[in-house]
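Written out below as structure tokens is the structure these notes cover.
The values are calculated or read from the model by the stated rules, or taken from the named source; none is laboratory data. Note that the structure is a prediction, hence the values are computed from the model and not measured. Glycine gets a Cβ as well: all are built from the backbone with ideal geometry, and neighbour counts include every protein chain shown.
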Amino acid sequence: MKRTFRLFTLLAFLLTACAAPTPPPVTPTFTSTPRPIPPTLTPTPDGIQIQVDNLRGLTLRVAHPWFGTDASLFESMVGQFNSSNPWGIDVVATGNVNYSILYDNVTTSLATSEAPHVAVALPEQARLWDTERFVVDLSPYVTDPNYGWSWAESDDFPAVFWAQDADGERRLALPFQRSARFLLWNQTWAAELGFDALPASPDDFRQQACRAQQSMTADSLPENDSLGGWVVDTDAMTALAWMQVFGGGVLEGNDYRFMTRNNIDAFTFARKLQEDGCAWMPSPDTDPLAAFAARNALFVTADLAEFPSVTRAFGAAGNTDTWQPLAFPGDDPALPIYGSSLVMFRSGAEEQLAAWLFMDWLVSVENDARAAKTTGLFPLRASTMTQLADYQASHPQWTQAVELISEGSLQPQMGSWRLVRVMLGDGFTHMFRVSLPSGQVATILSQMEATSRELSQ
């Protein structure tokens, strides 16, 4: 079985596109005021010693992982920068369909004259490129007295966003997009079932999910008897969140560690929910969000970018219930944070400064606010919220999600997480698809641990 599982995992990885959450199909017009140029063209001696006039006419190559509407969104930002930046920098953006293809294409190009100057990539991909010494440490740019930020400005980013790209005193990237996978809870239906508070522990979650399923068996519709609780979701972030709720996770020190008592408890809990009818596996043609809106599930799991789709599903179902996003409930609620970052690659000093100015512009408060409205993802900066008062008022669940950022946790800061993350989702899926008895989940975790060690070599 071990050999079969590993083959399945590796094959699934080869076939799986590691795509980030897909923003809604809207292409905005981005405008922003770039950071003011210092009043003198002579940089101070303790800062970067480059005249801004030397940047005029430079062309930057930027690789991103999107196509279609998502690519249009990013490329509209690039176009705005090209038409408004006072340094005469021209950015050329190239799409790569998804993060896996981007990683392969960028890796192949890095030792050539066609290498990008900047890539929108996953933090774990940046760590792999850094092992080959292609990545520029951004710390000198962040702290530069001419072109950098004040301490207060870097502190504007939530710690869980900012720390992901840190490597000791070095900074491998800037956060660019951040999201999370939430439990969604139908508060109105829960109240009708006798629950006036959101679940605060796994036991509370189980009790509410089971009560919802029991309400289905009590009605006159036999076809819904297996529904009502949690729609099983086997995304890697869901698996990781349940592990963290039970005090587990995927790391022990600097090594992967799956076979622990806490992780066994987490997988047993999730699998037993299904065994006891309190969670149900959706068929391939089932839309979990539509099921949630139709009151076929008290709980569903969704990425932050999917919240507009949830709202539309409730509208299509004519359902006026109130729903709310939750971190995975426990003494220490779990909410793994993930998303893309801006990586700078080694080139000439002028090109690197130009790349920094472009990256700095992308994460400015003005652009951050517009991006949050367009993608539905987290704002990167606390100060951005002052520009989002109207958006908060019209998107209450998004606002509730932002308030949960303090519950967020880091992804493993290892390059091998690129592969192990996919393996985690595959293994969690396998457990449900083969209906592995809850008493045997240690088998899956043991296989995961062995495979993770192989993938990290």
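Brief remarks follow.
- Contact map, the range 78-99: residues that are touching a residue at least 12 places away in the same chain (Cβ under 8 Å) paired with residues that are polar (S, T, N, Q) and in a helix (DSSP H, G or I), Cβ distance under 8 Å, separation 6+ or inter-chain. Pairs shown: I89/N82; D90/N82; V91/N82; N96/N105; Y99/Q125.
- Flag for R295 being of a type outside the set (S, T, Y), out of contact with any Leu (no Cβ under 6 Å at 6 or more places or on another chain), over 22 Å from Y338 (Cα atoms) and not in a loop (DSSP other than H, G, I, E, B): no
- Filtered by the rule that a residue be under 30 Å from D360 (Cβ atoms) and among the small types (G, A, S), the range 159-198 gives A159, A163, A166, G168, A173, S179, A180.
- Residue that is nearest to G408 (Cα to Cα) [pool: residues in the range 150-208 that are part of a helix (DSSP H, G or I) and among the acidic types (D, E)]: D165
- Which numbered condition D137 fails, given (1) modelled with pLDDT of 95 or more; (2) out of contact with any Lys or Arg (no Cβ under 8 Å at 6 or more places or on another chain); (3) not in a helix (DSSP H, G or I): (2)
- Residue pairs whose Cβ atoms lie under 7 Å apart, separated by 6 or more positions or on different chains, with the first residue in the range 180-196 and more than 14 Å from W230 (Cβ to Cβ) and the second surrounded by fewer than 16 Cβ atoms within 10 Å (Cβ to Cβ) and not small (G, A, S), are Q187/T322; T188/T322.
- Residue that is surrounded by the most Cβ atoms within 10 Å (Cβ to Cβ), among those in the range 330-346 that are aliphatic (A, V, I, L, M) and over 16 Å from the mean Cα position of the chain (by Cα): V343
- Matching residues in the range 90-123 - criterion: being surrounded by fewer than 22 Cβ atoms within 10 Å (Cβ to Cβ) and β-branched (V, I, T): V92, T94, V97, I101, T107, T108, T112
- Of all residues in the range 272-308, those satisfying the criterion of being touching a residue at least 24 places away in the same chain (Cβ under 8 Å) and among the small types (G, A, S) are G277, A279, A290, A291, A293, A294, A297, A302, A305.
- Set A349, A355: member being at negative phi, in contact (Cβ under 8 Å) with a residue 24 or more places away in the chain and surrounded by fewer than 20 Cβ atoms within 10 Å (Cβ to Cβ): A349
- Which listed residue, of A191, A200, A218, is modelled with pLDDT under 95 and surrounded by fewer than 22 Cβ atoms within 10 Å (Cβ to Cβ): A218
- Pair list, Cβ < 8 Å and 6+ apart or interchain, from the range 320-331 residues that are among the hydroxyl-bearing types (S, T, Y) to residues that are surrounded by 19 or more Cβ atoms within 10 Å (Cβ to Cβ) and assigned to a strand (DSSP E or B): T322/N186
- Selection status of T320, under 29 Å from A236 (Cβ atoms), among the β-branched types (V, I, T) and at pLDDT 95 or above: no
- At least 2 residues being out of contact with any Pro (no Cβ under 6 Å at 6 or more places or on another chain) and farther than 19 Å from A180 by Cα is the threshold, and among the helices (runs of 4 or more DSSP H) wholly inside the range 362-457 those reaching it are 365-375, 389-394, 417-433, 441-455.
- Scan the range 358-379 for residues that are surrounded by fewer than 23 Cβ atoms within 10 Å (Cβ to Cβ), over 20 Å from S139 (Cα atoms) and of a type in the set (G, A, S) and the total you get is 1.
- Count of the range 82-128 residues, restricted to those that are out of contact with any strand residue (DSSP E or B) (no Cβ under 8 Å at 6 or more places or on another chain) and either in a loop (DSSP other than H, G, I, E, B) or within 19 Å of L357 (Cα to Cα) (or both), is 11.
- Applying the condition of being in contact (Cβ under 8 Å) with a residue 40 or more places away in the chain, aliphatic (A, V, I, L, M) and not in a loop (DSSP other than H, G, I, E, B) to the range 244-269 and asking which residue is farthest from L193 (Cα to Cα) yields L251.
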